[in-house]
Amino acid sequence: MPRAKQRTPELRDRLLQAAVTMLADNGVAGLTTRRLAREAETSPPAVYELFGDKSGLVREVFFEGFRMLHRRFGELQNTDDPMDDLLAVVEVFRGFVRQNPVLADVMFSRPFADFDPGREERSAGASVREFVVGRVARCVERGLLAAEPTDAAHALVALVQGLASQERAGWLGTSAESVDRRWELAVSALLSGLRPPPPLAVLARPARR
């Protein structure tokens, strides 16, 4: 009898979740095909059948990371305060990187030598970027920010990603208070620089005698 197909959606999802967990627990070096197959209760050939090779597996983990982050963003609700809503995005992004540091490295850096993100991979974050752009655009529409929304969103995402990496590496301080203070300083400085300039004061004319 021919061997039953091992390529099932259920097994694929189980392998992806196991890979994400292995990255969190063991780091980049701990993600091996053999170990992943054991954790997911399958065989190495099944992993290769589903993902092709380790690079293909990492590629799918890369996409899964952006799906996870987008789901986190999707839990946020719009309120009557667009600026608070934008700051909520910053907190969710920060929390995601803190909880998934190695996965964030796969998404935003290149820790695997055999995985070089191409155009399709780089576009994987489009839904995440568009969400942030939408939150920035609401601030622009209310006159709270004066910037091109896409440009401002790119700058904000880059800032948050960098701060989160520095926090994880221990470079933002040794206490939660100092780390939070520096986060607030950096984010406030960026958003303050994007605020519309105050209206020019009308120069008072000297009274005629």
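The values are calculated or read from the model by the stated rules, or taken from the named source; none is laboratory data. Everything numeric here is computed off the predicted structure, so don't read it as measured data. Ideal geometry is used to build each Cβ from the backbone, glycine not excepted, and the neighbour counts take in all protein chains shown.
Mind checking which residues of the stretch 75-105 are part of a helix (DSSP H, G or I), surrounded by fewer than 17 Cβ atoms within 10 Å (Cβ to Cβ) and over 14 Å from the mean Cα position of the chain (by Cα)?
83, 84, 87
Could you figure out which of (1) buried (at least 16 other Cβ atoms within 10 Å of the Cβ); (2) at pLDDT below 80; (3) assigned to a helix (DSSP H, G or I) isn't true of residue 123?
Unmet for residue 123, out of (1) buried (at least 16 other Cβ atoms within 10 Å of the Cβ); (2) at pLDDT below 80; (3) assigned to a helix (DSSP H, G or I): (1).
Can you find even one residue in the stretch 28-46 that is outside any helix (DSSP H, G or I), over 11 Å from residue 102 (Cα atoms) and in the same structural domain as residue 106 (by TED's automatic domain parsing)?
Looking for residues that are outside any helix (DSSP H, G or I), over 11 Å from residue 102 (Cα atoms) and in the same structural domain as residue 106 (by TED's automatic domain parsing), one finds none in the stretch 28-46, hence no.
Please identify the pairs in which a residue from the stretch 10-29 that is loosely packed, with under 15 Cβ neighbours inside 10 Å has its Cβ atom under 7 Å from the Cβ atom of a residue that is of a type outside the set (A, V, I, L, M) and modelled with pLDDT of 85 or more, counting only partners at least 6 apart or on another chain.
24/100
Please tell me if residue 176 is surrounded by fewer than 17 Cβ atoms within 10 Å (Cβ to Cβ), within 16 Å of residue 98 (Cβ to Cβ), more than 15 Å from the chain's Cα centre (by Cα) and aliphatic (A, V, I, L, M).
Answer is yes for this residue.
So for the stretch 48-56 (the condition being crowded, with 17+ Cβ neighbours inside 10 Å and modelled with pLDDT of 85 or more), does at least one residue qualify? Quick ask: steps written out before the conclusion?
Taking the stretch 48-56 and keeping what is crowded, with 17+ Cβ neighbours inside 10 Å, we get 50-51, 54.
This time we only want the ones that are modelled with pLDDT of 85 or more, so: 50-51.
Looking for residues that are crowded, with 17+ Cβ neighbours inside 10 Å and modelled with pLDDT of 85 or more, one finds at least one in the stretch 48-56, hence yes.
Given (1) modelled with pLDDT of 85 or more; (2) surrounded by 20 or more Cβ atoms within 10 Å (Cβ to Cβ), where does residue 33 come up short, assuming only one miss?
If we test residue 33 against (1) modelled with pLDDT of 85 or more; (2) surrounded by 20 or more Cβ atoms within 10 Å (Cβ to Cβ), just (2) comes out false.
Within the set of pairs 6+ apart or on separate chains, which have a first residue in the stretch 187-205 that is over 16 Å from residue 160 (Cα atoms) and surrounded by 11 or more Cβ atoms within 10 Å (Cβ to Cβ), a second that is modelled with pLDDT of 80 or more and hydroxyl-bearing (Ser, Thr, Tyr), and C-beta atoms under 9 Å apart?
The qualifying pairs do not exist here.
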